[in-house]
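Colleague: Questions regarding the structure given below will be posed in turn.
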């Protein structure tokens, strides 16, 4: 089942990427990122059957980081929304150099 | 005198003390400004701060004067040698020592610093404590460069000099001070970065046999480095860039006019009189003895000499048409320092001695010129030659001193300028007659640009109403010019004591470079 | 262990079912306009993935997937959507125009192709563990958590501790960021 | 090493016959004028100084204009015509000429001591070691030998007279102490020039006199023309100094010595007639051409008349400008080894003599006439030293010092009278233009007589000093034109013999013109009707005795100076008189060199000599006759009413437009190229603009491009990121296959 799992993982990752590229709602873009992380997790899990349990350990790390990222990211989105009344990425350019 | 100095073990403590005293002074000034402001109004604190600063510089001067007697310039070892641990992990030590050349440059520094302070006595009113503190730090840096016998320490001191000068130009300078200070900083910094690389390379090339640590000691490197021709060439180029910018040699000189014009009086004086000497000192102390083969390489030699000669003529011609007197003097520095480079790279005793002499006398004469410009600038707030004219009538003392200094800069015999230029030319004519011949034409151009300039300043009709009310120099100004005028004549009439101080070092340099070059050639031959 | 002769077929069938479910859910997820429905489809994807994890002998991860991702993170997302009152398909055109969409699609296909090339490339034999799958081997001793917990608390202890610090920082950061400025 | 060399000098000196005479105080000769300079200089400064406030920046400039004007008017501009004598004038009048008189007395004492001893070895007094570097040893040493003795006597003697004259001429000038300070300093340097025992020390004097000349020409610096003239003199001289320097470098790098004795000892290393010694001599001559105003560097001397008239007499006629002649006489050993260089000297001298004389024909400024006359006479001296008649050259130098100093001082006396007259009537007419003079003989009888003596001397009328010296030079040229090494040498393809006959012809032509323009000057100044003006006429009067006294002394010298070196044909006429005194006196210094260039017998047959003398006298008399008969002083009109001259006259009046040509060909291009190409083009344009600021601009542009990527649009970042990731991954995949 390794090949199927990896294929699925690749497809899901690509879907996540396409989502990030096409959506403008910051929250949805965020969720797309979560999907990409999940796709990667799937690869880890699939390969851990061959390469040992370390892959699963990394999945735990990824999940933790994802949680932290979701917390901070959503907090940022809230702050921006308060400021600009929108979550559309096109209207946010506070990072302009 | 020597006995007295020996009795107080002068040679043992003098160099570290000379380095530390200005730093202590700087700290003291800043502390005074920090704690003293609450109790004092700014007016009285200004006079106290500058009095305090002057005291530090005078003490420094008095302490350093002993070097004249205590340094045995005929000795082949370093005098007043000090070795202290610094950064053991990098193999860097605080190694200090002087020979005849650096001793004279140290004295030049300590003599000119109080004069530079006096020159800006009344014109510096804002942030005086920081100004004087920076001047003190600058002094440490400059003295450090002359004393350092560890290449890493040398590099650190080299950069230490840069920051205070950058700030002095940038804060107390003229209208385009920011442009000038940044240009000065980046120019010099870019030049010296390659030198750092070269120093590190040399330090790591022959690590200590037991500890495997790099060794940056000057003597160690001088004796242990066995470089191939190509290595020498590359390292020489790295050092050359750093020093050529500082000298400044022909295509690397454009920071100088801007820096000079924008710097306050003391800044210009120090820049011209002392900091430009770092470049030529670097060639004499480092670039030539370390890489004799590269320095003797006919291609390198012809390039350096060509640049030097171009600088001599070019600087003089460009100086001819400058409307700003400070810029004129700046370009004249390019011309004069070209003579130094010609003397160094002609490599015989007369030319090297002459180069050292031009070095010193340029410090005196150009320093004096900048001080004089500072004096009239303080009165009229303009440096444009066209704004003056005929002021010899209202300022006869000023005119007299300016004429003396100008003629010393033109190198009229009897003044310091002549001895140096004559020796450089007489020496370089032996080995490089063509270059010397072209360089000698500068005697014509120098007269042309300087005489034309002083004619338009102190002679001609006194037509401008602003100039009619000018007051002559005051006693402070006369007093601070007096030592310089004295040096102008002393070095011109009886230069023997000074020439004797550098004689051994100059001869050693010539031997080292010529001997070193033949040695590399022999090594290369064996390798093939 | 189950040693039914139909087990491989059954296993394969189920794997494909949930893989298809994950794929379809994710496609719906990226195409929904409403953030709420998108979030719910993503939750569906995650459930399907949790099943796949279990089937791939990562029972603990599967459970964590449901608890942490589907349970906690997605709830937070939904919570924010509700909080900001963005539940309806938004007033602005959420999805980009056709041009970018086409390019994005092309990029996605290209990426998939590349990833698949990598996925189907031969395995690095030097890294293969010759033992049976961990969950099978250690089911008796440390249960299903043991194989994961072992390395986590020995080899990756430092990383583990750092992650905890990261979480702390994230909490503080989130509080500070989301706090209303007075 | 150094010590031992000093000891050898010391022993050589102690062994010398002059060691225990007044000669041991030789250092006092220059030291006394130096002392005078210091005293006068300090007096000048302390009186004029206007010490500023402690904080110059705090005092607004110009707010006390009025107080300034009033305080400084007291010793202010000479041009406001407030004649206020300087408050130290009395002291200065004592010190200035006093130190020089003392110097002259000492010189005379040394001269007396010298007469009694054989002078084949010069007396060298080493004061201290000046520049000891490696194998280069330059001492501050003074050398006394017959040649330097003659020069010292001329300088201190004529110098003293001119100093005394200056007391009368200058004492009402506000810059009186400054004037004497400069004048004393000049004498100091001039003495150093002639006494220096080596070329570098001589060069100190050489440049030093140039410096004083600069200061004195620009003495009234408030007139731009004066300041310009001073600057021009110094810069043109510097071109010559360049030649002097290069010659020294060549000497040192080839002979290893720069002192006269050392060079004499090692001169056999040079190949006689070879290119090296010729080059050295030509470079030396470049120096001479600058200092002694020969073609093409003569242009500064006429302008130098901007200085006070006694300065023109002392510096620009009697002493400094003859330094070039002295240099060649001093280097006679080298020049005699280089016939080609010697021929060049003679030719340039001859051409200059004629060239300057033609310009002198049409000058209206009385001092300009004398200036061109000086250039012309200097040309004569170079002809003399060029053909190896060194004694003749020095002889003419001496007689010229007498009569030209007299002419200048006499013209000074005239100008003094004219200026006083114009001053009394507040007229602004030109006090130096001959068109404004005329008929002055009745107002200035003493000056008139004395100047006629000098005119006859310079024109070459027998028995007056100039006749002997000029004749000796001309006959030497004629003598050397046949059968001497000079005649055998080839100069740029021209046989030396032909060249020398040509020079002789030039000399004769110049002599004719000299007689004409000098007579013209005398006629226009002293004869004919007076054109000064009705009012002014009453104020014209002879100068005080401080001025006429020196004139009388110089008049006597001009008249009888020729007897110091009587030629053979004259002593055969009157056997009681000593013959060739100066030539015999100079024999130890220039004798061998003269002999080398003179070839075989050196003297012409008596008949030829008498013929030449006859020709010279005829030409001189003819010149005077032509001038007297052709010129009509009565027809002259005042300067302001004179018509513009045309044609050749205009060209002569404008000095062949040489100044304008130099200005257009050298000065302007240099400045334009320096400004437009070097400064604005290379410095500001290429190096600063392109390289330095260019690299800064490049960095900034690069940064700008980078900053444009930072749009702040997260979406864009995502796109860039993904494209990058896909590309990277693609590259990775490709690499794996």
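The values are calculated or read from the model by the stated rules, or taken from the named source; none is laboratory data. As the structure is a prediction and not an experimental result, all values here were calculated from the model. A quick note on method: Cβ atoms are made from the backbone with ideal geometry, for glycine too, and the neighbour counts reach across all protein chains shown.
Colleague: For the condition farther than 28 Å from residue B:116 by Cα, in a loop (DSSP other than H, G, I, E, B) and out of contact with any helix residue (DSSP H, G or I) (no Cβ under 7 Å at 6 or more places or on another chain), what is the one hit in B:75, B:83?
Modeller: Result of the check over B:75, B:83: B:75.
Colleague: Can you say whether residue B:320 is at pLDDT 90 or above and either touching a helix residue (DSSP H, G or I) at 6+ places or on another chain (Cβ under 8 Å) or closer than 20 Å to residue B:444 by Cβ (or both), as far as the supplied structure shows?
Modeller: Here the answer is no, as residue B:320 does not meet what is asked.
Colleague: Does the stretch D:474-482 contain at least one residue that is over 23 Å from residue D:400 (Cβ atoms) and outside any loop (DSSP other than H, G, I, E, B)?
Modeller: no
Colleague: Sort out which residues of the stretch C:21-63 are surrounded by 21 or more Cβ atoms within 10 Å (Cβ to Cβ), facing chain A (nearest Cβ under 7 Å) and closer than 16 Å to residue A:43 by Cβ, and write them in order of number.
Modeller: Scanning the stretch C:21-63 gives C:22, C:26, C:45, C:46, C:49, C:52, C:53, C:56, C:57, C:58, C:61.
Colleague: Being within 20 Å of residue B:428 (Cα to Cα) and either at pLDDT below 85 or surrounded by fewer than 17 Cβ atoms within 10 Å (Cβ to Cβ) (or both) is the filter here, so list the residues in the stretch B:509-523 that pass it.
Modeller: Result: B:511, B:512, B:514, B:515, B:517.
Colleague: Moving to a separate point now. Collect the residues in the stretch D:213-237 that are under 19 Å from the mean Cα position of the chain (by Cα) and at the interface with chain B (Cβ under 7 Å from one of its Cβ atoms), keeping them in residue-number order.
Modeller: Within the stretch D:213-237, D:218, D:227, D:231, D:234, D:235 qualify.
Colleague: Let me ask you something else. From the list D:210, D:196, D:240, which residue is within 10 Å of another protein chain (Cβ to nearest Cβ), surrounded by 23 or more Cβ atoms within 10 Å (Cβ to Cβ) and closer than 24 Å to residue D:159 by Cα?
Modeller: After applying the criteria, what remains is D:210.
For (1) surrounded by 22 or more Cβ atoms within 10 Å (Cβ to Cβ); (2) away from chain D (no Cβ under 14 Å); (3) more than 15 Å from the chain's Cα centre (by Cα); (4) modelled with pLDDT of 90 or more, each residue gets a yes or a no:
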| residue | (1), (2), (3), (4) |
| --- | --- |
| A:18 | yes, no, no, yes |
| A:38 | yes, yes, no, yes |
| A:41 | yes, yes, no, yes |
| A:79 | no, yes, yes, no |
| A:95 | no, no, yes, no |
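Colleague: Next question. Test each condition in (1) within 30 Å of residue D:280 (Cα to Cα); (2) out of contact with any helix residue (DSSP H, G or I) (no Cβ under 6 Å at 6 or more places or on another chain); (3) within 11 Å of another protein chain (Cβ to nearest Cβ) for residue D:175 and report the one that comes out false.
Modeller: (1)
Colleague: When you scan the stretch D:656-737 for helices (runs of 4 or more DSSP H) that lie fully inside it, which ones turn up with 3 or more residues that are within 14 Å of chain A (Cβ to nearest Cβ) and under 30 Å from residue C:119 (Cβ atoms)?
Modeller: Per the criteria, D:714-736.
Colleague: Follow-up. Give the number of residues within the stretch C:105-149 that are more than 30 Å from residue D:731 (Cβ to Cβ), within 7 Å of another protein chain (Cβ to nearest Cβ) and modelled with pLDDT of 70 or more.
Modeller: Residues that pass the stated criteria total 2.
Colleague: Of (1) away from chain D (no Cβ under 14 Å); (2) touching a residue at least 40 places away in the same chain (Cβ under 8 Å); (3) assigned to a loop (DSSP other than H, G, I, E, B), residue B:209 satisfies all except one. Which?
Modeller: All conditions pass for residue B:209, except number (2).
Colleague: In the stretch D:103-117, how many residues are in contact with a strand residue (DSSP E or B) (Cβ under 8 Å, 6 or more places away or on another chain) and farther than 20 Å from residue D:32 by Cα?
Modeller: Looking only at that region, the number is 1.
Colleague: Picking from C:7, C:11, C:16, which residue would you name as being surrounded by fewer than 18 Cβ atoms within 10 Å (Cβ to Cβ), facing chain A (nearest Cβ under 10 Å), more than 23 Å from residue A:28 (Cβ to Cβ) and free of Cβ contacts under 8 Å to residues at least 12 places away in the same chain?
Modeller: It is C:16.
Colleague: Follow-up. Which ones in the stretch D:633-684 are over 32 Å from the mean Cα position of the chain (by Cα) and modelled with pLDDT of 80 or more?
Modeller: Selection gives D:676, D:677, D:678, D:679, D:680, D:681, D:682, D:683, D:684.
Colleague: From the list B:351, B:361, which one is in a helix (DSSP H, G or I), buried (at least 23 other Cβ atoms within 10 Å of the Cβ) and under 15 Å from the mean Cα position of the chain (by Cα)?
Modeller: That would be B:361, the only listed residue that is in a helix (DSSP H, G or I), buried (at least 23 other Cβ atoms within 10 Å of the Cβ) and under 15 Å from the mean Cα position of the chain (by Cα).
Colleague: Being surrounded by fewer than 23 Cβ atoms within 10 Å (Cβ to Cβ), away from every other protein chain (no Cβ under 14 Å) and in a helix (DSSP H, G or I) is the filter here; which residues of the stretch B:164-182 pass it?
Modeller: Of everything in the stretch B:164-182, those that are surrounded by fewer than 23 Cβ atoms within 10 Å (Cβ to Cβ), away from every other protein chain (no Cβ under 14 Å) and in a helix (DSSP H, G or I) turn out to be B:166, B:167, B:170, B:171, B:177.
Colleague: Restricting the search to the stretch D:86-144, which residues are free of Cβ contacts under 8 Å to residues at least 60 places away in the same chain, part of a strand (DSSP E or B) and farther than 30 Å from residue D:45 by Cβ?
Modeller: Across the stretch D:86-144, the qualifying residue is only D:133.
For every residue, the table says whether it meets (1) buried (at least 24 other Cβ atoms within 10 Å of the Cβ); (2) touching a residue at least 12 places away in the same chain (Cβ under 8 Å); (3) in contact with a strand residue (DSSP E or B) (Cβ under 6 Å, 6 or more places away or on another chain).
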| position | (1), (2), (3) |
| --- | --- |
| B:128 | no, yes, no |
| B:137 | no, yes, no |
| B:157 | no, yes, yes |
| B:162 | no, yes, no |
| B:184 | yes, yes, no |
| B:188 | yes, yes, no |
| B:203 | no, yes, no |
| B:213 | no, yes, no |
| B:218 | no, yes, no |
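Colleague: Also, I was wondering about something else. Scan the stretch B:404-453 for residues that are facing another protein chain (nearest Cβ under 9 Å), free of Cβ contacts under 8 Å to residues at least 60 places away in the same chain and assigned to a helix (DSSP H, G or I) and jot them down.
Modeller: Scanning the stretch B:404-453 gives B:407, B:410, B:429, B:433, B:437, B:440, B:443, B:444, B:447, B:451.
Colleague: Taking the condition more than 7 Å from every other protein chain (Cβ to nearest Cβ), touching a residue at least 60 places away in the same chain (Cβ under 8 Å) and either in a helix (DSSP H, G or I) or buried (at least 24 other Cβ atoms within 10 Å of the Cβ) (or both), does residue A:29 pass?
Modeller: yes
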